[in-house]
Amino acid sequence: MSEILVLVEHVDGEVKKVTLELLTLARSLGTPAAVWAGPGYGEPAKARLAEYGAEKVYLADSAEIVDYVVGPKAELLATLVAEKSPAAVLIAATPEGKEIAGRLAIKTDSGVITDAVGLSEGFVADQSIFGGGVNVKSRVTKGTPIIAVRPNSTAPEAAPGAAAEEQVTVTLSDAAKAAKVVERVKQEKGARPELTEAAIVVSGGRGVGSAENFAIIEKLADSLGAAVGASRAATDAGWYPHQFQVGQTGKTVSPQLYIAAGISGAIQHRAGMQTAKTIVAINKDPEAPIFELADFGVVGDLFQVVPQLTEEIEKR
Ligand code: FAD
């Protein structure tokens, strides 16, 4: 079976969950080959990639790769596409991943699909377009299919792979060195899962009313082991940090469960969450547009509903 390249997302040598999802997806369509870019590769990473079925690991672990913004990773993948002729390249649809996918498509004269939420035979991607308003099936018709898949689109399943390492050397062009990383600020790793990777997200909107009131959203999130999100109305008001904004100009999430409390369901908010598998809305207005989208709706005051829900979950 043909090789499918999967660009590994990693932090401090730890493989991120989205990569395990992409390996699982790749396994259903061919032979997964992981591509490791930058330092940090070691036994734990190798074991993780092998556990999820990587037959090969292409290793470009020089520090220079991460000295520059996205360019080197796109160049590395372009080199591998030219040398190995893979059946497809899968990349996580994170902001960085989407930029790499776009650059790779130009370099290899190939088609690119971003924000895929599913992938089937023939690399037909389920894709959410026009701010999430329309779902389409897309297929690349030119070059090597380059597909950026949203985190949480596939449940990762372990299956052993050989993870045979092959060192890859890339000589970076000047173009790849166009933007240098000048500083890295490590984000505090809180107890909650990362927003774009979380299986459950609890978001609050204008209905939450204040920064202090976000404590009840956090409490519900913690009872579920969920990440906290917010609408732009809430982040613009300064009630919750912008990095947690969900929507067109915020983060895109695709969790198993999305709970929206005090959020009306504006199109720009939907754009960031409507591919969630199950959506629960809590809103006191029965006419709120979020109910058109929700699988389960609770018409009620969030200050009553959310604490009751939290209490019930904590009992179980
Ligand atoms: P509102 O629309 O004001 O809704 C608040 C809801 O809370 C109402 O439905 C109300 O019934 C309910 N409510 C009030 N009190 C309670 C209570 N006690 N209990 C239960 N329910 C209650 N928005 C985003 O979220 N993300 C984006 O990325 C984003 N990008 C944008 C980009 C552009 C270019 C533009 C123009 C807009 C963007 N917006 C974005 C803003 C978007 O249009 C909406 O204004 C925003 O999503 C509204 O947030 P909200 O639902 O929290 O507030």
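Every read-out reported here was derived from the displayed coordinates using simple, explicitly stated rules and does not represent laboratory data. Model, not experiment: these values are computed from the prediction. Note that we place each Cβ from the backbone using ideal geometry, even for glycine, and neighbour counts take in every protein chain shown.
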For this session: Would you please state which residues of region 96-113 a label at residue 85 would reach in this model, taking the label point 7 Å out along Cα→Cβ and a backbone N cut-off of under 12 Å?
Result: none
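Report the calculated FRET efficiency for residue 184 and residue 299 (r = Cβ-Cβ distance, R0 = 45 Å), to the nearest 0.05. Present the calculation step by step, with values, prior to reporting the outcome.
Numbers: r = 46 Å, r/R0 = 1.02.
Computed FRET efficiency for residue 184 and residue 299 comes out at 0.45.
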Exercise. Taking 0.36 nm per residue of separation and subtracting the Cα-Cα distance, what length does fully extending residue 191 through residue 277 add?
Worked result: 28.6 nm
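With viscosity set to 1.306 mPa s and temperature to 10 °C, compute the Stokes-Einstein D of region 50-133, Rh being the Kirkwood radius across alpha carbon pairs; µm²/s, no decimals.
On the way: Rh = 14.3 Å.
Here the translational diffusion coefficient equals 111 µm²/s.
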For this session: Note the full-extension length gain between residue 210 and residue 237 as 0.36 nm times their separation in residues minus their Cα-Cα distance, in nm to one decimal.
Result: 8.9 nm
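Kirkwood-based Rg over Rh for region 106-259 (C-alpha set), two decimals? Walk me through the intermediate numbers first.
Details: Rg = 19.5 Å, Rh = 18.8 Å.
With Rg and the Kirkwood Rh in hand, the quotient comes to 1.04.
I need to check one value: relative contact order of region 248-306, counting alpha carbon pairs closer than 8 Å and at least 6 residues apart, in percent. Let's see the in-between values first.
Details: 108 pairs, mean separation 19.8, N = 59.
Once normalised by length, the contact order is 34 percent.
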For this session: Starting from the Cα-Cα distance between residue 69 and residue 167, subtract it from 0.36 nm times their residue separation and give me the gain in nm to one decimal.
Result: 33.1 nm
Exercise. Ranked highest first by average number of other Cβ atoms within 10 Å, how do 302-311, 166-175 line up?
Worked result: 302-311, 166-175
Problem set entry | Peptide ranges 147-156, 37-46 listed from the most packed, as the mean C-beta count within 10 angstrom indicates | 147-156, 37-46
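Could you tally the net charge around residue 73, taking each other residue with its Cβ under 10 Å from the Cβ of residue 73, Lys/Arg +1 and Asp/Glu -1?
On the way: positive: 103; negative: 75, 96, 99.
Net of charged neighbours comes to -2.
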Seminar exercise, completed: residue 12 and residue 155 label points (each 7 Å along its Cα→Cβ direction) are spaced in nm at 2.9 nm
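Compute the Kirkwood hydrodynamic radius of region 189-301, taking the inverse of the mean of 1/r over all pairs of distinct Cα atoms, and give it in Å to one decimal.
Numbers: mean 1/r = 0.0750 Å⁻¹.
Final number for the Kirkwood radius of region 189-301 is 13.3 Å.
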Exercise. Using alpha carbons only, how many degrees (0 to 90, rounded to 10) separate the axis of helix 17-27 from the longest principal axis of the chain?
Worked result: 60 degrees
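Past the 26 angstrom mark, what percentage of all C-alpha to C-alpha distances in the chain do you count?
Details: 24126 of 49770 pairs.
Result: 48 percent of Cα pairs exceed 26 Å.
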Exercise. Pairs 137/277; 16/56; 16/142; 98/177; 16/177: which exceed 28 Å Cα-Cα?
Worked result: 16/142
